[in-house]
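A.B. asks: Have a look at the structure that comes next, please.
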Amino acid sequence: MNKETEAVYDYQVPLITGNQTFSSITDRISSITESKTTKEWLLLFGLASSLMLLLFGSIGYLVWEGTGIWGLNNPVGWGWAIVNFVFWVGIGHAGTLISAVLFLFRQKWRTSINRFAEAMTLFAVICALVFPGIHVGRIWVVYYFFPIPNQMDMWPNFRSPLLWDFFAVGTYFTVSLLFWYTGLIPDLATLRDRAKTKIRKVLFGIFSLGWRGGNKQWKHYELAYLLLAGLSTPLVLSVHSVVSTDFATSVIPGWHTTIFPPYFVAGAIFSGFAMVMTLALIARRVYHLEHIITMTHLENMNKIIMVTGMMVGYSYSMEFFIAWYSGNPYEAYAFINRAFGEYAWAYWIMISCNVIIPQIFWSRRLRRSIPVMFIASITVNIGMWFERFVIIVTSLSRDFLPSSWDYYSPTFWDVSLLIGSFGLFFTLFLLFIRHLPMVAMSEVKGVLPQANPHHGHNGHEGESK
Amino acid sequence: MNIDSSTYTFTQKGTTGRNALIVGVIFLIVSAAGYFMNSAEFFQSYLIAYIFWLTFALGGLFYTLVNNLFGSEWNIVMRRLNEAAMYSFPLLAILFIPILFGMHDLYHWTHHEVVAEDPVLSAKAGYLNITFFIIRAVIYFSIWFLLSRILYKMSLKQDKEPHDDIILNMRRFSAPGMILFALSMTFASFDWLMSLDPHWFSTIYGLYIFAGSFLAILSFIVLVSINLRDKGILTSEITVEHYHDLGKLLFAFLIFWGYMGFSQYFLIWYANIPEETVYYLERWEHGWNVITMLLVVGHFTLPFLLLLIRASKRRLSLMKSIAIWIILMHAFDIFWLVKPNFSEGLTFSWMEATLILGIGGLFVWNFWNNITSHPVLPVGERRLKASLNFKNN
């Protein structure tokens, strides 16, 4: 068969290239956390943490001055802060999708990317949680958010989607953290066994929970992993469905539509995968992981980006069609205004980045081109940020009373908080890749040919005729 | 009935197809009598029965497309069963014709005088008019027929001249095919079901119908393979491992169906806009709440709980009961979608049963013809052995 054409069978494509052995995988991944800090890392860390300081500084000023420093006006009471919240929650979807859903689907290629995708999920959710927190204005009474008993007998409104957000995102974060940590345990034990310094030995010793790699331990571990995957899968769907109800339970034209829950979930997976792609390409280059995160992995991710992009496109067209079909003049106006009104530029950025650009991945050549996929992964996230902007701002800026219509423009502080949140995200991510194994070593070893009990006897398991 | 155990071709077709045809024709004739008694009721029942069987073929088409794209191996042993159900569109296109004759009884928006006085309906007359409706139906059937025919032919060609390129071509063809399928299925469900109440609208409607269709075909495959097993066909080829995986898929899409249904209900309930809530009000008052609750409990909760358990997915007798149950619930789902548009109170018509059996007879006859005319396993498929040896880990 011609090598240039697509592989027909999964086992025709080696997932890990470069004749890796168990020990070469361990060395390759562990050494990233053990060797001396590189200049590139320090440079990136310096940049990211400076941006993080910008975030903290801006939050400080926000708390001092109040939300008046933002570009919010009446009727646009939800601006960039909520856009950023939804954006970051969305990014956080890929991690659990890769670790849980692809695990249940027996997609073995997930093993090279699941660890840092899960870490990315946690950091994205942390970034997301910043925004509703600071949006309350009086941050010292932020505990009003939480359903905790208090002497004033004040409870949050249980019928409010904002409270469901609190539960949904909180559950998601907790389960994702447990899932990520469970997956880390065998690898932490590897690092413990390789540790040269006392402090590493003690710390990894504590966090590897006495892992010895015995048969019984693996058996329990794999059952726990399967159960956590089963528990996490509904969460992948529920979190962004609940976020979508922040909008869809209202009666605002452009917000209230029944497709919102699955539409938001598809968009979240779309943006999450794009972010995994951006990070994977950088990490792969900096740490020379080309044999572990191979072109097959990247190509598969691009396919998922393309599919989810089309699901998002389907939702856009359904919204548009039904807005017309409903015969409701307000609904129709909301969509015409999106496409041709004052915010048309944002709408068309969204359409171009989310629906049009991902179509380049129909071409196998472009699907396998690193520069192309790097740029596409970034434009997807630009597009997905704009999607939330379009939904939130265009609908709010044209409410039912034309006398209150207004144009929303962000201020310096809106921008600084968004950029700063990237600083927080990358700071956490850089700390993670420096100190923890960024690829799941034990799982990658499981997909090596040597891990197949028949290896060396009859060739590949499934290849027999 | 006999089957050649090396080529997996039927040496005798057996009586199943002929029996199904007889049942189908008899029940259609009986139902035709109903047409002369109450033509409006006949067409309503016909639409329910027709959509019910159409969803099996559409679900089958989706399953074929998605299998080609995913390249999954475990279900190759059941591929022919799915393809045979999918390749029903010539028959279904002919059976669609009575709906065109019943349009005046079924679709309120075909009444010019009503549309003229109704500003909302006049506004959408550009989409909801008889000519465009027929043009669209022709487009949908052309898409479905061509997709299913080309995919079926490619798969059959593999039996005679196996070549890896066929798998690649099926995959390449399925990618744009999936887009066409998604759009045609969505708009067909808008046209044929949602427009029964032309004022009402929901963006998730197409996905809801899709979810039900996929459940229908999965249950159908479970049922057919157990039926074949009882006849001594594919007894060692389709193993408990395959049923287990089918059960998982069924479980996942039961949740998906519930998710779609809940998303629609919940958002409409919460926003409480009269032009939307009317849909659920019609399906709650005057006895309809019985069917609504039956769907919540029977179409979701009960099979969800059963399929949650590993052992039940691996017990064939139980899987068979679950499959029959889901198909029954699916029929109630279609009934629930269509009937409240016409009848304020919960009523059943005997024609609903006879037409489901009548069209079903023809559907099964067509299915049986397909399945017995070709090898019942895709013998030229190189991954077949992997599929036969498939084990759940």
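A.B. asks: So how far, in whole Å, is the C-alpha centre of the range B:155-223 from the one of the range B:338-393?
C.D. replies: 14
A.B. asks: Excluding same-chain residues fewer than 8 positions from B:Lys320, which lysines have a Cα within less than 27 Å of its Cα?
C.D. replies: B:Lys13, B:Lys231, B:Lys248, B:Lys385, B:Lys391
A.B. asks: Averaged over its residues, how many other protein chain Cβ atoms are within 10 Å of peptide A:250-260's Cβ atoms?
C.D. replies: Numbers: counts 3, 5, 1, 0, 0, 1, 6, 6, 16, 10, 4.
For peptide A:250-260, the averaged partner shielding equals 5.
A.B. asks: A further question follows. Between rounded, prolate and oblate, where does the protein assembly as shown land on the alpha carbon gyration tensor, with a ≥ b ≥ c its root eigenvalues, rounded for a/c under 1.5, else prolate if a/b exceeds b/c? Could you put the intermediate results ahead of the total?
C.D. replies: Details: a/c = 1.97, a/b = 1.20, b/c = 1.65.
Taking the square roots of the gyration eigenvalues as a ≥ b ≥ c, the protein assembly as shown is oblate.
A.B. asks: Might you tell me the accessible area per residue for the protein assembly as shown, computed with a 1.4 Å probe and given in Å²?
C.D. replies: Numbers: 35150 Å² over 858 residues.
Normalised by residue count, the accessible surface of the protein assembly as shown is 41 Å².
A.B. asks: Let me ask something else about it. Using a Gaussian network model of chain B with C-alpha springs under 10 Å, which one of B:Ala188, B:Ala271, B:Ala252 is most mobile by mean-square fluctuation?
C.D. replies: B:Ala271
A.B. asks: In nm, give the distance between the simple-model label positions of A:Ile206 and A:Ser50, each being 7 Å from the Cα along the Cα-to-Cβ direction.
C.D. replies: It is 3.4 nm.
A.B. asks: Between B:Lys391 and A:Leu366, what is the label-to-label distance in nm when each label sits 7 Å out along the Cα-to-Cβ direction?
C.D. replies: 4.4
A.B. asks: For the range B:153-240, take the convex hull of the Cα atoms, compute a quarter of its surface area, and give me that in nm², please.
C.D. replies: Dividing the Cα hull surface by four gives the mean projection, 8.6 nm².
A.B. asks: While we're looking at this one, here's another question. Report, in degrees rounded to the nearest 10, the 0 to 90 angle that the Cα long axis of helix B:350-373 makes with the longest principal axis of chain B.
C.D. replies: Approximately 30 degrees, to the nearest ten.
A.B. asks: Select from A:Pro161, A:Tyr347, A:Thr26 the residue farthest towards the positive end of the dipole of chain A; place +1 on Cβ of Lys and Arg, -1 on Cβ of Asp and Glu, and compute about the Cα centre.
C.D. replies: Going by the Cα projections, it comes out as A:Thr26.
A.B. asks: So, one more: Rounded to the nearest Å, what's the spacing between the alpha carbon centres of the range A:324-338 and the range B:33-88? Just the number, please.
C.D. replies: 35
A.B. asks: For the range A:297-370, take N as its residue count and report Rg(C-alpha) divided by 2.2 N^0.38 Å. Could you put the intermediate results ahead of the total?
C.D. replies: Values: Rg = 15.3 Å, N = 74, 2.2 N^0.38 = 11.3 Å.
Scaled against compact globular proteins, the figure is 1.36.
A.B. asks: Going from the alpha-carbon gyration tensor of the range B:9-377, what semi-axes, largest first and in whole Å, does one get by taking the root of 5 times each eigenvalue?
C.D. replies: On the way: eigenvalues 227, 106, 91 Å².
Semi-axes, largest first: 34, 23, 21 Å.
A.B. asks: Specify the angular offset, from 0 to 90 degrees and rounded to the nearest 10, of the alpha carbon long axis of helix A:215-248 from the longest principal axis of the alpha carbons in chain A.
C.D. replies: It works out to around 20 degrees.
A.B. asks: Let me ask something else about it. Within the range B:312-346, what residues put their amide N at less than 11 Å from the label point 7 Å along the Cα-to-Cβ vector of B:Val290?
C.D. replies: It comes to B:346, nothing else.
A.B. asks: At 20 °C and 1.002 mPa s, grab the translational diffusion coefficient of the range A:287-330 from Stokes-Einstein with a Kirkwood Rh over Cα pairs, rounded to a whole number in µm² per second.
C.D. replies: The diffusion coefficient I find is 163 µm²/s.
A.B. asks: Here is a follow-up. Note down the magnitude of the dipole of chain A about its Cα centre, charges +1 on Lys and Arg C-beta and -1 on Asp and Glu C-beta and zero elsewhere, to the nearest 20 debye. Kindly include the intermediate steps, with their values, before the conclusion.
C.D. replies: Numbers: 32 positive and 26 negative charges, 353 e Å.
I would put it at about 1700 debye.
A.B. asks: Same structure, new question: Using a 1.4 angstrom probe on protein heavy atoms only, which residues from the range B:147-177 are buried by at least 50 Å² of accessible area when all chains are present rather than their own chain alone?
C.D. replies: Relative to the lone chain, where solvent access is computed with a 1.4 Å probe, the range B:147-177 loses at least 50 Å² at B:Leu168, B:Arg171.
A.B. asks: Between the range A:50-77 and the range A:88-117, how far is it from one alpha carbon centroid to the other, in angstrom?
C.D. replies: 33
A.B. asks: Using only Cα atoms, tell me the angle between helix A:329-340 and the longest principal axis of chain A; keep it within 0 to 90° and round to the nearest 10.
C.D. replies: Compared with the principal axis, the helix lies near 60 degrees.
A.B. asks: Over chain B, with a Gaussian network built from C-alpha contacts below 10 Å, which listed residue (B:Phe304, B:Phe201, B:Phe56) shows the highest mean-square fluctuation?
C.D. replies: Ranking B:Phe304, B:Phe201, B:Phe56 by mean-square fluctuation puts B:Phe201 first.
A.B. asks: Leaving ligands, DNA and RNA out of it, rank A:Phe179, B:Phe390, B:Phe132 by accessible area with a 1.4 Å probe, largest first.
C.D. replies: On the way: A:Phe179 5, B:Phe390 25, B:Phe132 75 Å².
Correct descending sequence by accessible area is B:Phe132, B:Phe390, A:Phe179.
A.B. asks: Using a 1.4 Å probe over the heavy atoms of the protein chains, calculate the carbon and sulfur portion of the accessible area of the range B:9-377 as a whole percent.
C.D. replies: Values: 9600 of 13770 Å².
C and S atoms contribute 70 percent here.
A.B. asks: Below 8 Å between Cα atoms, with a sequence gap of 6+, how large is the relative contact order for the range B:9-377 in percent? If you can, show how the numbers build up before the last one.
C.D. replies: Values: 414 pairs, mean separation 135.4, N = 369.
Reported as a whole number, the value is 37 percent.
A.B. asks: Across peptide A:321-333, what mean number of C-beta atoms from other chains lies inside 10 Å of a residue's C-beta?
C.D. replies: Working: counts 6, 7, 2, 5, 11, 10, 11, 6, 3, 0, 1, 1, 0.
That average works out to 5.
A.B. asks: With each pseudo-label sitting 7 Å past Cα toward Cβ, what's the A:Trp405-B:Leu281 distance in nm, one decimal?
C.D. replies: 3.2
A.B. asks: While we're here: Straight-line reach only, C-alpha to C-alpha below 22 angstrom: list the lysines that A:Lys196 could link to, leaving out same-chain residues fewer than 8 apart.
C.D. replies: Correct list for A:Lys196: A:Lys36.
A.B. asks: Counting only protein heavy atoms, probe 1.4 Å: which residues of the range B:339-387 lose 10 Å² or more of accessible surface in the full assembly compared with their chain by itself?
C.D. replies: For the range B:339-387, once contacts with the other chains are taken into account, B:Arg382, B:Arg383, B:Lys385, B:Ala386 lose 10 Å² or more.
A.B. asks: Excluding residues on the same chain fewer than 8 positions from A:Lys201, give the aspartates and glutamates whose Cα lies under 13 Å from its Cα.
C.D. replies: A:Glu34, A:Asp193
A.B. asks: Could you tell me which residue out of B:Leu151, B:Ala137, B:Gly232 lies farthest along the dipole of chain B toward its positive end? Charges go on the beta carbon: Lys and Arg +1, Asp and Glu -1, centred on the Cα centre.
C.D. replies: B:Gly232
A.B. asks: Per residue of the protein assembly as shown, what 222 nm ellipticity follows from adding -39500 (n - 2.57) for every DSSP H run with n ≥ 4, rounded to the nearest 500?
C.D. replies: On the way: 34 runs with 575 residues, N = 858.
Here the helix-only value at 222 nm equals -22500 deg cm²/dmol.
A.B. asks: Could you give the radius of gyration (one decimal) and Dmax (whole number) of the Cα atoms in chain A, in Å?
C.D. replies: Expressed in Å, the Cα Rg and Dmax of chain A come to 23.5, 79.
A.B. asks: In Å², nearest 100, what accessible area do chains A and B bury in total when the solvent probe is 1.4 Å?
C.D. replies: 3900
A.B. asks: Related question: Using 11 Å as the cut-off for backbone N distance, which residues of the range B:290-314 belong to the label zone defined by a point 7 Å from the Cα of B:Phe262 along Cα→Cβ?
C.D. replies: Flagged as within label range: B:301.
A.B. asks: Cut-off 14 Å, label point 7 angstrom out along Cα-to-Cβ of B:Lys160: give me the residues of the range B:355-393 whose amide nitrogen falls inside.
C.D. replies: Counting backbone N atoms under 14 Å from the label point, the list is B:374-375, B:380.
A.B. asks: Same structure again: Accessible area, 1.4 Å probe, largest first: how do B:Glu161, B:Glu117 sort?
C.D. replies: Sorted descending by solvent-accessible area, the residues read B:Glu117, B:Glu161.
The values are calculated or read from the model by the stated rules, or taken from the named source; none is laboratory data. Since the model is a prediction, treat every value here as computed from it, not as a measurement. As a convention, Cβ positions derive from the backbone with ideal geometry for all residues, glycine included, and neighbour counts pool all protein chains shown. With ligands, DNA and RNA removed, areas are computed over all heavy atoms of the protein, side chains included. Shrake-Rupley method; radii C 1.70, N 1.55, O 1.52, S 1.80 Å.
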